[in-house]
Structure formats: structure tokens, C-alpha cells
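Visitor: Below are the C-alpha cells for one structure; questions will follow.
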Amino acid sequence: MRVSDDGREIEGGFDLNSIMYASEPLTTKDFFALDVDEKLKVELIGGALTVSPSSRPWHGLVANHLSRLMEEALGRAFMVFTDLDVIVDDQNVPRPDVFVISRDTYHPDEVTKAQDVLLAVEIMSPGSRVNDRRVKPSLYRDAGIPLWRIERSGTRLLLGEVPIRGDEGVHLGPVTPKGAGIDVRIALDAIAVEVF
């Protein structure tokens, strides 16, 4: 081991002062300093990195259908994004499959902040069950973000509506939940027919 001119301990080319140990939670600053392949879905949840495997084609198609339906229903006053980071707090940066913000809060070069998110949508895959059913609903509720969770059973889709307060509602077939305070008609069975 050697000590650099600025007092840092260096061994084998690694700056030992900057290595994070598993017991030390990462912060959003640490998270955004990482050099991570953008093809990976990496999130910061509770100060820990979570990596989801690449989603299946059906997952992306459902996200695309929902995005288009929401854009049409909500109009130009709102913006719909897919698969981008949202800063909740200093130890949480989830990456909702779809989310909505007001056009007034849009900044092209800034990561979206939780207070600007009017609705988050998670599309549950086999590798994301625990996070999507247990972890993220609590995280979003605490941040004041309503959540829709889309689940798949065979060739059917279900929409779980998780409000900020109150009980979760579960919907099959045609449903008209509120997105950003506006009714959004979603024909789950029609989407499923096109996707599966």
C-alpha cells in the first residue's frame, strides 16, 4: 500500500478511501457518480443498489401502450416518461416503468424529483415481484406518489391501484383510474390481446 500526495491510501490502483463497503448505504450522490451501463436497470433503494434483469418484450409493449394511452388522455399539460430515474430522497432513486409529471416541472437536463411525479407505474416481472409488491408501494406512498402496478397472469393483465392513502384497488378488464387527477380509460384485455 502507498499513500498519495493528498493522503489517500492506494493499493493495486484502488483508492481505498473511496471504496464503499456493503454495510455503508450509498447516497444519491454516490449513485449518480457510478459508471453504470445505461442498458441495465439499476436503482438505489434504501441505500443499496438493485439490478433488474432485462425485461421481456411483453413488458416493453405494455409500457408503450400505457404511455400512449396516458399521453392521449392527459393532453399537453402533462408529460409521460418511461424507464427514467426519479430522486425520492438521499438514499432512494427508483426507476418507474412509466411516470407522469406536469409539463411545468419538466427540466430537460435534470433528473426528475419525487415531488414532481403525479403518478408512477410499475410493470411487474418475475424478477421484480418483491420490490414491486412490497418495497416500492411503501416508498412511493411515503413520497406522496400514487402508484399503478400492472401484473401478468398468463395472457391476462391486472391493474393494482395503490393510492397515497387508503386501500389498494385491483382491476381486471376495462378500467378508468385517475392519472394526474384525470380519468384514463385502459382496456387491459385489449392490450393483452395485442401483446400476447
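Visitor: State all residues of region 96-110 that are open to solvent by 40 Å² or more (accessible area, probe 1.4 Å) and part of a loop (DSSP other than H, G, I, E, B); if no residue qualifies, say none.
Guide: Within region 96-110, Tyr106, His107, Pro108, Asp109, Glu110 meet the criteria.
Visitor: Can I ask one more? Quick check on this structure: which one of Val42, Val93 is open to solvent by less than 60 Å² (accessible area, probe 1.4 Å), in contact with a strand residue (DSSP E or B) (Cβ under 6 Å, 6 or more places away or on another chain), at pLDDT below 95 and of a type in the set (A, V, I, L, M, F, W, C)?
Guide: So the residue among Val42, Val93 that is open to solvent by less than 60 Å² (accessible area, probe 1.4 Å), in contact with a strand residue (DSSP E or B) (Cβ under 6 Å, 6 or more places away or on another chain), at pLDDT below 95 and of a type in the set (A, V, I, L, M, F, W, C) is Val42.
Visitor: Further, regarding this structure: Quickly run through region 162-181 and pick out the residues that are of a type in the set (A, V, I, L, M) and crowded, with 16+ Cβ neighbours inside 10 Å. Full working, then the answer.
Guide: At the first step, the residues of region 162-181 found to be of a type in the set (A, V, I, L, M) are 162, 164, 170, 172, 175, 180.
Hits for region 162-181 are Val162, Val175, Ala180.
Visitor: Kindly provide the set of residues from region 36-61 that are closer than 15 Å to Arg152 by Cβ and within 15 Å of the chain's Cα centre (by Cα), ordered by number.
Guide: Listed by number, the residues that qualify are Ser55, His59, Gly60.
Visitor: Follow-up. Does region 79-97 contain at least one residue that is over 11 Å from the mean Cα position of the chain (by Cα) and without any contact (Cβ under 8 Å) to a residue 12 or more places away in the chain?
Guide: Of region 79-97, the ones over 11 Å from the mean Cα position of the chain (by Cα) are 79-80, 89-91.
Narrowing further to those that are without any contact (Cβ under 8 Å) to a residue 12 or more places away in the chain: none.
No, that holds for no residue.
The values are calculated or read from the model by the stated rules, or taken from the named source; none is laboratory data. Predicted model only: the values in this text are computed from it and were never measured. Here the Cβ is made from the backbone with ideal geometry for all residues, glycine too, and neighbour counts use every protein chain on show. Accessible surface areas use protein heavy atoms only, side chains included; no ligands, DNA or RNA. Shrake-Rupley method; radii C 1.70, N 1.55, O 1.52, S 1.80 Å.
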